[in-house]
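Chemist: Starting off with a structure, shown below.
The values are calculated or read from the model by the stated rules, or taken from the named source; none is laboratory data. Every value quoted in this text rests on a predicted model; they were computed, and no experiment measured them. Every residue, glycine as well, gets a Cβ built from its backbone with ideal geometry; the counts of neighbours run over all protein chains shown. Heads up: the accessible areas ignore ligands, DNA and RNA and are worked out on the full protein's heavy atoms, side chains in. Shrake-Rupley method; radii C 1.70, N 1.55, O 1.52, S 1.80 Å.
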Amino acid sequence: MRPHQTVTIAGAGLAGALLATLLAQRGWQVQVLEKRPDPRRRGYAGGRSINLALAERGLHSLRRAGLQETVMAQAVMMRGRMVHFAGGGTQLQRYGRDDSEVIWSVHRGRLNMALLDAAEAAGARLHFDAAVAEVDFDRRVLRCEGRSGGREHGYDRLIGADGAGSAVRQAMMRRRDLGERFEPLGHGYKELEIPPAADGGFRIEPHALHIWPRGGYMCIALPNSERSFTVTLFLPQTGAHPSLETVGDGRAVRELFAREFPDALPLIPELEQDFSTNPTGQLGTLYLERWRAGARAVLLGDAAHAMVPFHGQGMNCAFEDCLELAERIDEAADWDEALASFEAVRRPNAEAIQAMALENYIEMRDRVDDADFLLEREIARELQARHPDRFVPRYSLVSFRRVPYAVARERGRVQGQLLAEIAAGAGTLAEVDFARADALVQSRLDPLPAE
């Protein structure tokens, strides 16, 4: 399609800002409406933002927008999970084979501001303090509200990138049933902080995602470029065991850390204050059976498929959405075709990563310190070395490749069954029958297509 119309994007978060950049670079007139003030002028509101893990899917989209160098300048490499065991001691569990397969910790606020600068530089017009209050799809008019009152914005094409609480989605649902379903996880989180050391360096190993798994709940810490760590405590909402209900104040959280995370406690000097003042984040999964209203409007990112953060793919998936939509618009004859093909490709893949994110929470909090799990990891690494074109661990397919999420999940299911069979009866890697394992891999896994 030729870029002769205005594309209006609701939401100037990560997805909205990247999509605005991609479309403006292609010559479209882009306006972006954002309910918040401009964070570059008012500051970024923190306190409930889990650090983001940037992986290959997100990096690919940033490369296509010419933004890789800008973003990577503020990213910190994470080689793997640094597991802090309940009985003491740590172990680094690599994500990939070597330093060519890592993920990157990025701060949501700084990344968002960099993407806003890029969108403006590409020619997009950004309107802040403009919360979408109503959408008239027949007249193609949006009514926005802000501190200075209400205002109408006309639009030609509308894209909802305005997050899990999307106002565009709410407006669309007043016209048609989108099949919305929200499933709360029953767990929430509090953001805390490990500040830099007195000499300005990191207090703990910087090139890892630190995790304190405790079965049913956990704590994690991701590094920041200014040598701090963003810490996130995940707890059930209710229950007699540690929960947000029972750990209700600063004294109780200090007791919890002294008992369950003793090596983390001295690293978080403002523990009680952070826990008491930072808001409680909610976790859940948003499912939609339909993402669009014909050619009139479409949803992407969290507005279409919000997920729990335990695979580190929410941002990566949203960025993949942005690039896919931009390319579909390039290739299609009209908007109806572009949006229909976009939804057909992305919805099953979004559902696959939503499922894998839920599964990864169980792995992170319950399994990373389990002997059987650790043996299966060793076997998986050996099988990958022996069959690099066939056996690639699911985490690697998700984080270091760009095969469709649905393909990664199905191959992961088959590989999980293989690992269970191969590991059965073995206590160590030396006891594994790799001749049998090789035959199983050859018979059950087709070679992966080249990317």
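Chemist: Write out the chymotrypsin sites (Phe, Trp or Tyr not before Pro) in the range 293-348 meeting two conditions: DSSP loop, and at most 15 other Cβ atoms within 10 Å of their Cβ. Please report the intermediate quantities before stating the final value.
Modeler: Working: sites: PHE310, PHE319, TRP335, PHE342; in loops: PHE310.
Filter output for the range 293-348: empty list.
Chemist: Can you compute the charge dipole magnitude of the chain about its Cα centre, using +1 on each Lys and Arg Cβ and -1 on each Asp and Glu Cβ, nothing else charged? Give it in debye, rounded to the nearest 20.
Modeler: Details: 56 positive and 63 negative charges, 194 e Å.
Taking the Cα centre of the chain as origin, the dipole is about 940 debye.
Chemist: While we're on this one: What distance in nm separates the two pseudo spin-label positions at ARG41 and HIS60, each 7 Å out from Cα along the beta-carbon direction?
Modeler: Going by the 7 Å Cα→Cβ label model, 3.8 nm.
Chemist: Give me the Debye-computed log₁₀ of I(q)/I(0) at q = 0.07, 0.10, 0.11 Å⁻¹ for the chain, equal point scatterers on Cα only, no solvent, two decimals.
Modeler: -0.37, -0.76, -0.92
Chemist: Let me ask you something else. Given a 1.4 Å probe, how much area per residue of the range 35-139 is accessible, in Å²? The partial results should precede the final answer.
Modeler: Numbers: 4760 Å² over 105 residues.
Result: 45 Å² per residue.
Chemist: Considering only protein heavy atoms and a probe of 1.4 Å, how much of the accessible area of the range 261-350 is carbon and sulfur, as a whole percent? Intermediate values should be presented prior to the final figure.
Modeler: Values: 1350 of 2910 Å².
Taking all protein chains in place, the range 261-350 shows 47 percent carbon and sulfur surface.
Chemist: Still on this structure: Give the Rg/Rh ratio for the range 285-440, taking Rg as the radius of gyration of the Cα atoms and Rh as the Kirkwood radius, to two decimals. Intermediate values should be presented prior to the final figure.
Modeler: On the way: Rg = 18.7 Å, Rh = 17.3 Å.
Rounded to two decimals, Rg/Rh equals 1.08.
Chemist: Work from the charge dipole of the chain (Cβ charges, +1 for Lys and Arg, -1 for Asp and Glu, about the Cα centre) and give the residue of GLY425, GLY11, THR232 farthest towards its positive end.
Modeler: The residue sitting farthest along the positive end of the dipole is GLY11.
Chemist: For the range 221-286, what does the equivalent ellipsoid look like in terms of its semi-axes, each the square root of 5 times an eigenvalue of the Cα gyration tensor, given largest first in whole Å? Walk me through the numbers before you get to the answer.
Modeler: On the way: eigenvalues 80, 56, 24 Å².
Taking √(5λ) for each Cα gyration eigenvalue gives 20, 17, 11 Å.
Chemist: Here is a follow-up. To test your reading of the geometry: what angle, between 0 and 90 degrees and rounded to tens, separates the Cα axis of helix 434-444 from the longest principal axis of the chain?
Modeler: Approximately 30 degrees, to the nearest 10.
Chemist: Further question: If the chain between ALA133 and ARG151 were fully stretched, how many nm would it gain, using 0.36 nm times the residue separation less the Cα-Cα distance?
Modeler: Numbers: separation 18, 0.36 × 18 = 6.48 nm, distance 0.99 nm.
Taking 0.36 nm per residue and subtracting the Cα distance, the gain is 5.5 nm.
Chemist: For the range 129-191, just run the numbers: alpha carbon Rg, then divide by 2.2 N^0.38 Å, N being how many residues it has. Intermediate results must be reported in sequence, preceding the final value.
Modeler: Working: Rg = 14.5 Å, N = 63, 2.2 N^0.38 = 10.6 Å.
Expressed relative to 2.2 N^0.38 Å, the Cα Rg reads 1.37.
Chemist: Hey, can you find the accessible area per residue of the range 199-334 for me, probe 1.4 Å, expressed in square angstrom? Don't jump to the answer; show the numbers that get you there.
Modeler: Numbers: 4810 Å² over 136 residues.
For the range 199-334, the per-residue accessible area is 35 Å².
Chemist: At most 10 other Cβ atoms within 10 Å and a DSSP loop assignment: could you name the GluC sites (Glu not before Pro) in the range 247-355 that fit?
Modeler: On the way: sites: GLU255, GLU260, GLU270, GLU272, GLU289, GLU320, GLU324, GLU327, GLU331, GLU337, GLU343, GLU351; in loops: GLU270, GLU289.
Filter output for the range 247-355: GLU289.
Chemist: Let me ask you something else. Using DSSP to call loops (not H, G, I, E or B), can you name the trypsin sites (Lys or Arg not before Pro) in the range 104-155 whose Cβ has at most 11 other Cβ atoms within 10 angstrom? Can you show the working numbers first?
Modeler: Working: sites: ARG108, ARG110, ARG125, ARG139, ARG140, ARG143, ARG147, ARG151; in loops: ARG139, ARG140, ARG147.
Here the sparse-neighbourhood loop sites are ARG139, ARG147.
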